[in-house]
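Note sheet for the following structure.
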Amino acid sequence: MRSAKWVLISLTVAACSGGQSESTVSSPSDGAASAASTTTALTTSATSTTSAPSKSGTTDDVAKTFVDAHNHYRASHCVAPLEWSADVAKTAQAWANELARSGCKLRHSSTPLGENLAAGTTGTIPPERAVELWYDESKGYDYSKTKFTMGAGHFTQVVWKGSRHVGCGTATCNDKQIWVCNYDPAGNIQGEFAANVPRPTCAK
């Protein structure tokens, strides 16, 4: 049986500065998957519209699943729901296609959008599982510090109050599938965690 694990890599770039921090964590899981997250200060915005199917399979059903999964967790933190953006999804799909051309090795794009990445054996990491993996990092987030926490960058982007739009893309390489989700405006901005990552006080 193939061994399975997921790897998380989180990177934050301080708004208006070049300071950055990075961490890598590896642990066993029930599906072969890996994820990565990056954000930078936002300089552009996107228009929220309905996404058309992409050549790599990001259909309207997949879009809805991603939006619903994100908003399930966001609701527990009392923050507004995300809306799907075709423009943001186009950016995410372009990066997924670029990663596929290099063998689906996870690395970050240089867009001004927030970004979460996930990858796993094809069929083991559907959209809702990718978002679940990202949100699971909440277990390591320290709300009392109100700043970027190593190993929790995916979670904080998922629930970031200031983010309004999400768009995702996907591609495959042999038996590996990758997901790219971008967020507008970007989250994980240094100095803004207290205002954008509230405790899950609305959880049922």
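The values are calculated or read from the model by the stated rules, or taken from the named source; none is laboratory data. It should be emphasised that the depicted structure is a prediction, and the values quoted were computed from it without experimental measurement. Every residue, glycine among them, receives a Cβ derived from its backbone with ideal geometry; neighbour counts consider all protein chains shown. Calculation scope for accessible area: heavy atoms of the full protein, side chains included, ligands and nucleic acids excluded. Shrake-Rupley method; radii C 1.70, N 1.55, O 1.52, S 1.80 Å.
Given an 8 Å cut-off on Cα distances and at least 6 residues of separation, report the relative contact order of the stretch 84-204 as a percent. Present the calculation step by step, with values, prior to reporting the outcome.
Values: 209 pairs, mean separation 47.4, N = 121.
Computed over the stretch 84-204, the figure is 39 percent.
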Q: Project the alpha carbons of the stretch 128-204 onto their principal axes and report the range along each, largest first, in whole Å.
A: 44, 27, 24
Q: Pick out, in residue order, every one of the chymotrypsin sites (Phe, Trp or Tyr not before Pro) in the stretch 137-182 that is DSSP loop and has at most 13 other C-beta atoms within 10 Å; say none if there are none.
A: TYR143
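Pull out the extension gain between ASN97 and LYS147, defined as 0.36 nm times the separation in residues minus the alpha carbon to alpha carbon distance; nm, one decimal.
Details: separation 50, 0.36 × 50 = 18.00 nm, distance 3.27 nm.
Fully extending the segment from ASN97 to LYS147 adds 14.7 nm.
Ordering GLU115, GLU98 by how much accessible area each has at a 1.4 Å probe, largest first, what is the list? Spell out each step's value before the answer.
Numbers: GLU115 0, GLU98 60 Å².
Largest to smallest exposure gives the sequence GLU98, GLU115.
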Q.
Just to make sure I understand: if all protein chains stay in place, what is the order of VAL131, VAL67 by accessible area at 1.4 Å, largest first?
A. VAL67, VAL131
(Q) Let me check something: with ligands and nucleic acids excluded, how do HIS77, HIS108, HIS165 order by accessible area (1.4 Å probe), largest to smallest? (A) HIS108, HIS165, HIS77
**Q.** Nitroxide proxy distance, nm - points 7 Å out along Cα→Cβ at GLU83 and ASP61
**A.** 2.6 nm
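At a 1.4 Å probe, what is the % contribution of carbon and sulfur to the accessible area of the stretch 111-204? Don't jump to the answer; show the numbers that get you there.
Details: 1750 of 3480 Å².
The C+S portion of the solvent-accessible surface of the stretch 111-204 is 50 percent.
Quick one: how many lysine pairs does the stretch 137-198 have with C-alpha atoms less than 21 Å apart and a gap of 8 or more or different chains? Give me the count, please.
4
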Q.
Which aspartates and glutamates, if any, have their Cα less than 17 Å from the Cα of LYS90, not counting same-chain residues under 8 positions apart?
A. ASP60, ASP61, GLU98, GLU115, ASP184
Q: Show which aspartates and glutamates lie in cross-link reach of LYS105 when reach means a straight Cα distance below 12 angstrom and same-chain residues fewer than eight apart are skipped.
A: none
Q.
Please compute the length gained on full extension between THR201 and LEU106, using 0.36 nm multiplied by the number of residues separating them and subtracting their Cα-Cα distance.
A. 30.8 nm
**Q.** D_trans [Stokes-Einstein, Kirkwood Rh over alpha-carbon pairs] for the stretch 55-185, 4 °C, 1.567 mPa s, µm² s⁻¹
**A.** 88 µm²/s
